[in-house]
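The values are calculated or read from the model by the stated rules, or taken from the named source; none is laboratory data. Source: prediction; values computed, not measured. We place every Cβ from the backbone using ideal geometry, glycine too, and count neighbours over all the protein chains shown.
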Amino acid sequence: MSEPKTQPTDASVADFIDAVEPARRREDARAVCDMLAEIMGEAPVMWGASIVGFGRYTQVNAAKKSADWPLIAFSPRKANLVVYAMAGASERPDLLARLGKVKTSAACLYINRLEDVDMGALRALCEWSVATMRARYPAG
């Protein structure tokens, strides 16, 4: 079985974000990156070509294959800014209700414009997700 394509790289997060278009998406990416760096207390790392991740946990699937993933991540995609709250945003309907204009699926939040989102609720959701993931996957 092949290795997952999404793995940490040595690529520059700053260079990646600087190249994001349009400018509004780039500024949203910088704001989310700064918020997650503050929550995590660590620098971001590129995972693959387009995901900015923080922290790391090892997930083992039913076939006993393990793969590393970031504890929390985001990607400034063309259509949306995607926040990967790995603990599963659906577990916190109270925070989702406060977020504002977002779409969700599994562990993903799809944000068109950060200005349409309650930043306090987004921060609280990200803090909860990180704490939950750290509890579920304590470091070795």
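Restricting attention to the range 49-66, does a residue exist that is over 21 Å from residue 6 (Cβ atoms) and either of a type in the set (D, E, K, R) or modelled with pLDDT under 90 (or both)? No; the residues of the range 49-66 include none that is over 21 Å from residue 6 (Cβ atoms) and either of a type in the set (D, E, K, R) or modelled with pLDDT under 90 (or both).
Scan the range 55-74 and tell me whether some residue there is touching a residue at least 40 places away in the same chain (Cβ under 8 Å), of a type in the set (Ser, Thr, Tyr), surrounded by 14 or more Cβ atoms within 10 Å (Cβ to Cβ) and in contact with a helix residue (DSSP H, G or I) (Cβ under 8 Å, 6 or more places away or on another chain). The answer is yes, given that some residue of the range 55-74 is touching a residue at least 40 places away in the same chain (Cβ under 8 Å), of a type in the set (Ser, Thr, Tyr), surrounded by 14 or more Cβ atoms within 10 Å (Cβ to Cβ) and in contact with a helix residue (DSSP H, G or I) (Cβ under 8 Å, 6 or more places away or on another chain).
In the range 45-54, of all residues being of a type outside the set (A, V, I, L, M) and buried (at least 21 other Cβ atoms within 10 Å of the Cβ), the one that is farthest from residue 107 (Cα to Cα) corresponds to 47. Scan the range 30-38 and tell me whether some residue there is over 17 Å from residue 18 (Cα atoms), at pLDDT below 95 and surrounded by 14 or more Cβ atoms within 10 Å (Cβ to Cβ). Taking every residue of the range 30-38 in turn, none turns out to be over 17 Å from residue 18 (Cα atoms), at pLDDT below 95 and surrounded by 14 or more Cβ atoms within 10 Å (Cβ to Cβ). Would you call residue 12 farther than 20 Å from residue 134 by Cα, of a type outside the set (A, V, I, L, M) and under 15 Å from the mean Cα position of the chain (by Cα)? Spelling it out, it is not the case that residue 12 is farther than 20 Å from residue 134 by Cα, of a type outside the set (A, V, I, L, M) and under 15 Å from the mean Cα position of the chain (by Cα). Filtered by the rule that a residue be crowded, with 17+ Cβ neighbours inside 10 Å and within 17 Å of residue 39 (Cα to Cα), the range 96-123 gives 121, 122. Residues of the range 98-140 that are under 16 Å from residue 54 (Cα atoms) and among the aromatic types (Phe, Trp, Tyr): 128, 137.
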